[in-house]
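The values are calculated or read from the model by the stated rules, or taken from the named source; none is laboratory data. Everything numeric here is computed off the predicted structure, so don't read it as measured data. No Cβ is skipped: glycine too gets one built from the backbone with ideal geometry, and neighbour counts run over all protein chains shown. For accessibility, only protein heavy atoms count, side chains too; no ligands or nucleic acids. Shrake-Rupley method; radii C 1.70, N 1.55, O 1.52, S 1.80 Å.
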Amino acid sequence: MSGEPDEKQPGIPPSSRALLPGLTLACLVVAIISSLGAPLIPTIAAENHVSLADAQWSLTITLLVASVAAPVMGRLGDGPYRRQVFLLSLVAMMLGGVLAALPVGFGPFLAGRGLQGLGLGLTPLAIATAREALPPERMRAGVAMLSTTTAVGVGLGYPVTGLLAKAGGLHLAYWFGAAVAAAALFVSWRVVPASARRRQERLDIAGAVLLGAGLAGLLLALSKGEKWGWGSGPVLGILVAAAAVLAVWVWWELRVAHPLVALRLLGERAVLTASVATLLAAVGMYLLISPVTTFVQTPISTGYGLGGTVIVAGLVLVPFSATSYLATRVVPWLVRRTSYEAVLPLSSAMMLGSMVLFSVARDDIWEIVVVMAIAGAGTGCVFAVMPGYLMRAVPAQETSSAMSFNQILRTVGYSTGGALGATILQAHIAPGKSFPAESGYTIIGVVACAGWVLTAAAAILLPLGRRPRPGPAQHGERTVAMAAVPESAHPRGETG
């Protein structure tokens, strides 16, 4: 039997036409499940008779579980169990949705949200499946689409879940989440193929424990920093402990035979660029989204607010999703005519423009819509181009693991961006006032602009460094990785 799978082998689905829509549906479900957190926190607190701080755990616990599960799922997804892990994650999201929807108390509700966190590592598995199973002419655009589903889903999920919660209460929104997870499970069961790979490396249990503990501490500090105080002993202690655990994890991953995450690949400029840009872009994305939804709902009586409802705040994100989707159609065309190294700075410049506009023009709802449309296009381009960076440098058998690490960076970036925005606004609330001064939003715009300048600088400067000279084994891995990417996706001047 040859190394290339044919149509009779389990690694190739009967019809690849149904595969990409099925994978896209599953990734959109992940985005929708994510949207069942932050916008519903006030409703969760009211219906469960808990404080807003306790209700915040409905988001925190999902991120904590995801931070542990994603790298484990990614490593398992690089072996023969990818289909099983893919389907089980959808089962967990469906059952978690049912448990969260049942009126059985706040404890079971949090357990359901934790189960849903198991599904947040599904997107890397979908990208690895697309890389392996789709024909080359469809793979590049398909992977770009899957990578941007988070951005697309935010604008779709927020208004839909807001409408459902308003029409039928909190539980209807979670029943909806369970229903879409069930639909995605059925479709995925029909179209997602088994992996063509038959070898499974030993799972790095110690690495998973260390990474999970370190990320759990980091996310806990980010989620509680505003309430406890960023300079408080508990927050500083957790951050120091998390940094120490993550340092030990890095030391361990660089020495273990079969690491959970192949950190040595960060020596490849493409992987390093993608990692740095992903983290900064995720911070910038939520540094805009969270404040915008708050700004739109701020009462007109403050002198600057737009006085919109929760539903209106969700609807202003729809242009963000629409242009993010359009970006997935444009990026492959741009890459063919320029290079990955040109598209990423251009995307950062678009996001920089959106934040400059937000800083100086936000008096009317149409200005916010324009800001979100530009930001959606920039964010969509950033996330659409990331898999190309990784797949040029990462061996095919490391795709799920590499994308899972990239997903972790997104999660940390989202949490950091949300926490940073909330902290800036909190610092601009005068004593006795309920809402921040408008200058707080201007400061957020300036900080975000600085972040996008750093992103553009990283995209330009990191690829200019000298690449490490590959040894025989590394050269072989790189050949495999480049062979998986269509020739037209290679940057000009690089033949692999």
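Surface composition of region 245-374: carbon plus sulfur atoms contribute 71% of the solvent-accessible area (1.4 Å probe, protein chains only, all chains present). Taking trypsin sites (Lys or Arg not before Pro) across region 362-446, the ones in a DSSP loop with at most 16 further Cβ atoms lying within 10 angstrom of their Cβ are LYS433.
With the simple model of a label 7 Å out from the Cα in the direction of the Cβ, ILE429 to LYS227 spans 1.3 nm.
Let me know the whole percent of all Cα-Cα pairs from region 59-103 that are separated by more than 15 Å. Here the tail beyond 15 Å accounts for 52 percent of pairs.
Round to the nearest 0.05 the FRET efficiency obtained for HIS49 and VAL250 when R0 = 51 Å and r is the Cβ-Cβ distance.
So the FRET efficiency works out to roughly 0.75.
Please report, to two decimal places, log10 I(q)/I(0) for region 243-323 at q = 0.18 Å⁻¹ as given by the Debye formula with identical point scatterers on the Cα atoms and no solvent. Summing over Cα pairs of region 243-323 leads to -0.82. Run through every distinct alpha carbon pair of region 133-248 and return the Kirkwood hydrodynamic radius in angstroms, one decimal place. One decimal place: 18.9 Å for the Kirkwood radius. For the chain, build the charge dipole from Cβ charges (+1 Lys, Arg; -1 Asp, Glu) around the Cα centre, then report which of LEU344, CYS449, ALA45 sits farthest towards its positive end. Of the listed residues, the answer is LEU344.
Site pair ALA450 and ALA179 shows an inter-label distance of 4.6 nm when each label is modelled 7 Å from Cα along Cα→Cβ. The distance linking region 374-420 with region 117-168 is 12 Å (Cα centroid to Cα centroid, whole angstrom).
Per residue, the chain exposes 40 Å² of accessible surface when a 1.4 Å probe is rolled over the protein heavy atoms with every protein chain present. Each of THR338 and LEU266 was given a label point 7 Å from its Cα along the Cα-to-Cβ line. The distance between the two points is 2.8 nm. Qualifying trypsin sites (Lys or Arg not before Pro) in region 165-233, where qualification requires a DSSP coil assignment and no more than 14 other C-beta atoms within 10 Å, comprise ARG198, ARG199, ARG202. Summary of packing: across the peptides 142-154, 23-35, 99-111, the per-residue average of other C-beta atoms within 10 Å ranks them, highest first, as 142-154, 23-35, 99-111. Computed from the C-beta positions of LEU88 and VAL330, the FRET efficiency with R₀ = 41 Å rounds to 0.70. Within the chain, helices built from complete DSSP H runs that reach 18 Å or longer along their own axis (Cα positions) and carry a mean Kyte-Doolittle hydropathy of 1.0 or higher are 16-35, 57-77, 82-101, 170-191, 205-228, 233-253, 269-297, 340-360, 365-393, 438-461.
Direction-averaged projected area, Cα convex hull, region 47-189: 8.9 nm², rounded to one decimal. Averaging 1/r across all pairs of distinct Cα atoms in region 340-400 and inverting the result yields a Kirkwood radius of 12.9 Å. Extents of region 404-447, largest first, come to 44, 20, 10 Å (Cα atoms, principal axes, whole angstrom).
Summed over all non-identical Cα pairs, the Kirkwood treatment of region 212-290 gives a radius of 14.5 Å. Rg and Dmax, both from the Cα atoms of region 354-445 and both in Å, are 17.9, 57. In terms of its Cα atoms, the chain spans 72, 49, 45 Å along the principal axes, sorted from long to short.
Using amide H atoms built 1.01 Å from N in the peptide plane, name the residues 5+ places from GLY308, or on other chains, whose amide H lies under 5 Å from its own. Residues meeting the amide H criterion: GLN297, THR298.
Its Cα gyration tensor gives region 265-382 an equivalent ellipsoid; the semi-axes, largest first and in whole Å, are 31, 14, 11.
Dividing the summed helix terms, -39500 (n - 2.57) for each DSSP H run of n ≥ 4, by the number of residues in the chain produces a 222 nm estimate of -25000 deg cm²/dmol to the nearest 500.
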